[in-house]
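To start, the structure under review is shown below, and the notes come after it.
The values are calculated or read from the model by the stated rules, or taken from the named source; none is laboratory data. If you're wondering where the values come from, they're calculated on a predicted model, not measured in any experiment. Neighbour counts run over all protein chains shown; Cβ positions are idealised from the backbone, glycine included. Surface areas here come from the heavy atoms of the whole protein model, side chains and all, with no ligands, DNA or RNA. Shrake-Rupley method; radii C 1.70, N 1.55, O 1.52, S 1.80 Å.
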Amino acid sequence: MLAASRDDTVDVDAVSSAVRSIAIEDDEARESRDADGGENDDGDDDDDEQTNADAGAKKKKKKKKKKKSGAGGGVKSTSVQYPGGKQTAPPSVPARELYPSGTYPVGEILPHHEHNLWRETDAEKREIERIEENSYNEARQCAEVHRQVRRYISEWVKPGMKYIDVCETLEDSVRKLIEERGLEAGVAFPTGCSKNHVAAHWTPNGGSESVIDKDDVIKFDFGVQVKGRIIDCAFTKTFNDMYDPLLKAVNEATETGIKSAGIDVRLCDIGEAIQEVMESHTVEIHGKEYQVKCCSNLNGHSIDPYRIHAGKSVPIVRGGVQTKMEEGEYYAIETFGSTGRGYVIEDGECSHYMKNYDVGHVPLRLPTAKRLLGVIDRNFGTLAFCKRYLDRIGQERYGMALKNLCDNGIIQPYPPLCDIKGSYVAQYEHTILLKPSSGVEVLTRGDDY
Amino acid sequence: MTRVVTRAGATTGRPTHCVVTGANTGIGLETARALARTYDVVTLACRDETRARAAMATIGADDLCDAELRFASLDLSSLASIEDFGRAMRAADEAIDAFVANAGVMALPTATRTRDGFETQVGVNHLGHYAAIGWVFPLIERAGRETGDARVVVVSSEAHRIASRGLRRDDLFGETRYGAWTQYGQSKLANVLFANELARRCEGRGVTVASLHPGAVDTELGRYLQPPDAEVKWWQKKLYNFIRKFLKTPEQGAATSVFLARDVERGVANGKYFSDCREKTPAKTCLDEDDALWLWNRSAELTGVAFDLERV
């Protein structure tokens, strides 16, 4: 099956379905293990024909399945067979070697909404899409790296580990898989691992002693980039099935957002659809009932090359702007469900920073600030970074210089975003691509979410 | 990484509230309609209740607008009516997240006076709004304190360039020589000067004040261009139909107001002049801080309404 897809590189769909069937197969195996008590391991290598056929039907079932098995599963599923071999645990084999053809699996393609169906047959739109195929492939490479890394991390991470160790393992894996080379390929932004009431933008700073607790709700939000093409994708990890309804609510909301997205769709309509689904859920946590609320001031966003937060925001509540999505745009669709008040404020020690995209030349007085800005320009450009990344490239005692850059408006700090203490926030996020002809591609779709 | 966009009211949990003057027709109606999609409460401050109710019915029929619509009686040509409006708003005691000063009259052929003896164009377009905003300013300021994002949007016009010699301090009401368009120019210049002065005084209070040019829009504003008793000639109709093709529709005209009242990032637009949703440099006369200060004090004298705002 895999050989076939390797030969047939023109038909990208074949590759995608083949790869998707790996996932399905793996799930199949898992399912049968569950059913038969482990008798029928790896039994169905050959019936991918059939699994392909009802892939659609399996989708829903699959998702639920994963969550259950994800919580207690071992690390055995990392031994998935890719066209070019197997991935190690922790991941270290570059994605390029696992896909020797250089063509990476296509994400899930959602057909256009009805009024856009003409695009599927329109010669011009198909041509535009063919021309762009190379850049899509780069994005797919990032997405594949994201899938492989998160597959390992979500099964390996356990209570008692230090946040900083988890983050560094994760980032090292990403760097190896994407074969980091300066600004051309690497980590796109700091690994968010915000826990509980912290919704986003928290990552341990150097020397942090924070340890994962068994009741933590951790949002792993990390990104991969090749030539500035950023993939932004996140999931929530818990070790207690009490949180499963919350995760389910948020995942459903994100899926709703993805389904409503499309060319010419108004951003406000997406926000409204997301809110409706999210707030239809109630969850019971520590014996108390909550209605899940959207974090109203958090947004998805369009992504441009080397610019994680490009022009447009995708709200997750009603009342957004009526700007429309357009052909060829990349979007991070992310939703946050909270048991708190449903909006976040900046609080706590800052770790995330990013150079303002629009800033021109600003004269600086402080020599250390000048020097630091040079370092940032060379290493991160307009990509986000955190203090650990500065430590990693050998910077020391940069606190004053960094503050000076922030005061001058060159660097923007992104402090942690928190709901009220004692609340729990969950997040799911995918990167989607609005293709001119074939539909919406959910680049980061995996068998897990 | 996620993006944070904080919208008015989002951090307080209370319903968001905006006020649009002259919202019964034209740009005001379209502005109110667009804002009713995002704000929770929209107050239409109009002179004529029946026409306002009709406008509310139009907006209510739009199924995207689920805001609560309210009517407030406000006749900008009468200080007494403005005072009633102000007292009613203060009594309701709800913070105002956005105030769109949209109502206006244009090019009255002869000099007329408001009930308080002001020349109508300057009286309604500027002094009326000065007094109305003055009355409700504590509510706007409160929204600014709560969310850091209250907005005052003053609809001016490119016609402010007519007043190329600047504000006529000695003859604000055109008493020595009345010119329909001269006075309109004066009133629109006064709008920009007022917005700029208010913006300067609101610095650091979480209130953003901006003025704008809506464009040449096909609305009722041209109602005085044709003498009411004169017969409409056939060629006038033809000409008008031809000109209409080059005018903006009210929806298009409302775009900049809506952009400033809702979409633009907070604080960015403070003290600036916009046209077609973009910042534009107004005439030099608008940047005269002395004139702005003089107008501010003179308006306070004439209307008897004072803002509790020191010039920073």
Jot down the per residue volume, in cubic angstrom and as a whole number, of the convex hull over the alpha-carbon atoms of region A:352-414. 73 Å³
Sulfur and carbon atoms: percent of accessible area, region B:17-298 [1.4 Å]: 51 percent
Using heavy-atom solvent-accessible surface (probe 1.4 Å) with all chains present, what is the largest-first order of A:E334, A:E127? A:E127, A:E334
Angstrom value of the Kirkwood radius, inverse mean 1/r, which spans all Cα pairs in region B:77-142: 12.6 Å
So who's got an amide H within less than 5 Å of the one on A:F189, skipping anything under 5 residues away but keeping other chains? H placed 1.01 Å off N, in plane. A:G223
Note to self: C-alpha centroids of region A:101-130 and region A:193-261 sit apart, in Å, by 30 Å
Whole-number percent relative contact order across region A:383-449, with pairs defined as alpha carbons under 8 Å at least 6 apart: 14 percent
Label-to-label distance, nm, for residues given as A:E326 and A:K162 (7 Å Cα→Cβ offset): 4.8 nm
How high is the relative contact order of region A:352-414, in percent, with contacts defined as C-alpha pairs under 8 Å that are six or more residues apart? 60 percent
Let me have the relative contact order for chain B, percent, based on Cα pairs under 8 Å that are six or more residues apart. 19 percent
Per DSSP, the loop-located chymotrypsin sites (Phe, Trp or Tyr not before Pro) within region B:188-282 having at most 15 other beta carbons within 10 Å are B:F246
Kindly report the accessible area of region B:17-298 per residue (heavy atoms of protein chains, probe 1.4 Å, no ligands, DNA or RNA), in Å². 43 Å²
From the phi angles alone, apply the Karplus equation (6.51, -1.76, 1.60; θ = phi - 60°) to region A:81-88 and give each ³J(HN,Hα) in whole Hz, x where the residue is Gly or Pro. 7, 9, x, x, x, 10, 8, 8
Here the averaged projected area of the protein assembly as shown, based on the convex hull of its alpha-carbon atoms and given in nm², is 37.3 nm²
Euclidean distance of C-alpha centroids, region A:310-343 and region B:268-312, integer Å: 36 Å
Show me the GluC sites (Glu not before Pro) within region A:205-282 that DSSP assigns to loop and that have at most 16 other Cβ atoms within 10 Å of their Cβ. A:E209
Buried on assembly, region A:226-268 (at least 30 Å² less accessible surface than by itself, 1.4 Å probe): A:R266
In nm, the gap between the two label points placed 7 Å beyond Cα toward Cβ at B:E301 and A:R378 is 6.5 nm
With the label point 7 Å along the Cα-to-beta-carbon line of A:D391 and a cut-off under 14 Å to each amide N, the hits in region A:184-217 are A:191, A:203-211
Tell me, Kirkwood radius of chain B from alpha-carbon pair distances, in Å? 19.5 Å
How well do other chains shield peptide B:257-268, expressed as the mean number of their Cβ atoms within 10 Å of each residue Cβ? 1
Total accessible area buried between chains B and A, 1.4 Å probe, in Å² to the nearest 100? 1900 Å²
Packing rank of A:413-422, A:351-360, where each peptide gets the mean count of other beta carbons within 10 Å, highest leading: A:413-422, A:351-360
Please report the base-10 log of the normalised intensity I(q)/I(0) for region B:186-312, using a Debye sum with one equal scatterer per alpha carbon and no solvent, at each q in 0.19 (1/Å). -1.08
Percent antiparallel among DSSP beta bridges confined to the protein assembly as shown, rounded to 5, stands at 70 percent
Going by amide H atoms built from the backbone, whose H comes under 5 Å of the H on B:K272, apart from near neighbours? B:S211
Expected output for region A:290-338, residues with a loss of 50 Å² or more in accessible area relative to the chain alone at probe 1.4 Å, reads A:N297, A:H309, A:R318, A:G319, A:Q322
